[in-house]
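Single-structure report; data block below.
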Amino acid sequence: MGTREFLLLGLSHDPELQPVLFVLFLSMYLVTVLGNLLIILAVSSDPHLHTTIYFFLCNLSFTDISFISTMVPKMLMNIQKQSKTISYAGCLTQVCFVLYFAGIEHFLLAAMAYDHYAAICHLHRYSVIMNPHLCVLLILLFLSISIVDALLHSLMVLRLSFCTDLEIPHFFCELDQVIKLSYSASLINNILFYLVSGILSSVPLLGIIYTYIKIVSSVPRISSQLTSAGVRHKAFSTCGSHLSVVSLCYGTGFGVCISSAVTDSSTNSAAASVMYTVVPPKLNPFIYSLRSRDMKEALRNLIIKPLFW
């Protein structure tokens with residue numbers, strides 16, 4: 001393996017746009033980290049939010065922070081140093097962590113959908129179904145599957161051979177772009193990438209769709225009980241937020257796939273990648289905080305109360 005480094009071409013070759021991109025992505029990164037960190041602190045500090053619904057939300061916020069931190073800081077460093085390079089080891093590490101955190105996010109969204117389903121459709125058995133032991137086991141399962149997926153793809157990249165001065169038309173090392181740069185046989189890598197990615201994306205999505213079909217079909221039967229069921233009411237209040245996040249996550253992902261299929265422009269492809277890597281983690285905390293009354297109250301107590309001490 002003679003490759004020393006890759007070149008991340010980023011979103012624009014125009015030197016005059018680099019300061020603008022730096023400020024834009026730095027602000028988006030800080031907003032993402034701060035917003036998701038506030039979600040974690042609000043849930044941790046408010047006993048009323050110590051439920052499985054918000055347990056998964058905290059894990060989602062932590063995953064979003066980690067996911068965006070694998071890409072944006074390196075891009076900001078390259079802009080600041082006026083460099084486009086990333087080492088082979090750094091690129092492979094970035095590929096691994098992007099796959100890892102993306103996989104966890106999809107599974108967490110499915111777990112949150114199932115939690116809503118249990119709280120709404122099986123309220124009387126909710127504490128038995130969604131017990132803390134099960135929640136921890138689910139998190140460990142998600143971590144294990146995502147680790148295996150990320151390591152599998154990363155190890156498969158190790159068998160590929162590359163030339164030198166390789167250019168990746170993105171602001172981070174995207175797996176399919178890395179595979180395209182190999183001059184050795186990469187058919188197995190491509191098959192594995194699309195097969196495993198398709199399964200790990202579609203299975204959680206199908207689970208989410210199924211749970212919401214069951215929820216919608218149960219609404220007429222349980223609507224009269226909503227005022228007396230606090231857990232059920234809380235689940236309903238976060239359903240809209242959860243569906244918005246799911247739509248944003250999968251909608252931007254499908255949009256990138258369609259964009260890549262209909263255009264050969266590397267600039268358009270890189271810009272489309274921003275929509276599913278940077279935008280969803282940034283908007284997720286706003287979606288949950290604006291649509292959930294409990295979350296707004298927790299955030300208000302977290303921010304305002306210390307000011308009057």
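The values are calculated or read from the model by the stated rules, or taken from the named source; none is laboratory data. None of these values were measured; they are calculated from a predicted model. Every residue, glycine as well, gets a Cβ built from its backbone with ideal geometry; the counts of neighbours run over all protein chains shown. Just the protein is used for accessible areas: all its heavy atoms, side chains included, with ligands, DNA and RNA removed. Shrake-Rupley method; radii C 1.70, N 1.55, O 1.52, S 1.80 Å.
When only C-alpha pairs under 8 Å and at least 6 residues apart count, what is the relative contact order of the chain, in percent?
Details: 346 pairs, mean separation 92.7, N = 309.
Answer for the chain is 30 percent.
Could you tell me what percent of the accessible area of the chain is made up of carbon and sulfur, with a 1.4 Å probe and every protein chain present?
Details: 10630 of 15330 Å².
Whole-percent figure for carbon plus sulfur exposure: 69.
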Area of Thr70 that stays accessible when all protein chains are in place (1.4 Å probe, Å², to 10): 30 Å²
If each of Leu152 and Asn190 carries a label point 7 Å out from its Cα toward its Cβ, how far apart are those two points in nm? 2.0 nm
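Rounded to the nearest 500 deg cm²/dmol, what is the calculated helix-only ellipticity per residue at 222 nm for the chain, with -39500 (n - 2.57) per DSSP H run of length n ≥ 4? Let's see the in-between values first.
Values: 12 runs with 233 residues, N = 309.
The helix-only estimate for the chain comes to -26000 deg cm²/dmol at 222 nm.
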If only Cα atoms are counted, what is the Rg of the stretch 115-184, and what is its Dmax, in Å? 20.7, 62
How far apart, in nm, are two points set 7 Å out from the Cα along the Cα-to-Cβ line at Glu16 and at Ser83? 2.8 nm
What is the distance in Å between the Cα centres of the stretch 146-174 and the stretch 97-124? 28 Å
For the chain, report the accessible area per residue in Å² (1.4 Å probe, heavy atoms, rounded to an integer). 50 Å²
If His124, His133, His153, His106 are ordered by their accessible area, calculated over protein heavy atoms with a 1.4 Å probe, which sequence runs from highest to lowest? His124, His133, His106, His153
